[in-house]
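Derivation of every value follows stated rules applied to the coordinates shown; laboratory data play no part. Nothing here was measured: the structure is a model prediction, and the numbers come from that model. When we count neighbours, we look across all protein chains shown, and the Cβ atoms used for this are built from the backbone with ideal geometry, even at glycine.
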Amino acid sequence: MGGEMKRRKYTRDFKIGVIREIESGKPPAQVSRENRVRNAIQNVAVEFPAYGYRRITAELRRRGYTVTVNHKRVLRLMREDNLLCVRTPLCQKDI
């Protein structure tokens, strides 16, 4: 599998009735930077499994990812990699 993955977007041209494929690829430099951030997120999530996206963002900033990391990017990457914590209810109300 290596190499870059391109996202494909399908649009329908209503005038002609044809479905067109549009590739919305990112530049290779941006893909490699995102992969570095993704790997760092995965390392922090393995090290601290109870951390959510806010704590992981803070931990990445402590580790030096100040420019390329914000909470929106961390949340998006964690959703894509299925790394979000499962919340358990603190108490159940008796009905």
Would you please give the FRET efficiency between Arg62 and Cys91, computed as 1/(1 + (r/R0)^6) with r the Cβ-Cβ distance and R0 = 25 Å, to the nearest 0.05? 0.15
With a point put 7 Å past each Cα toward its Cβ, work out how far Glu80 is from Gln30 in nm, to one decimal. 1.1 nm
Using alpha-carbon positions, what is the distance between the centroids of region 74-95 and region 29-52, in Å? 18 Å
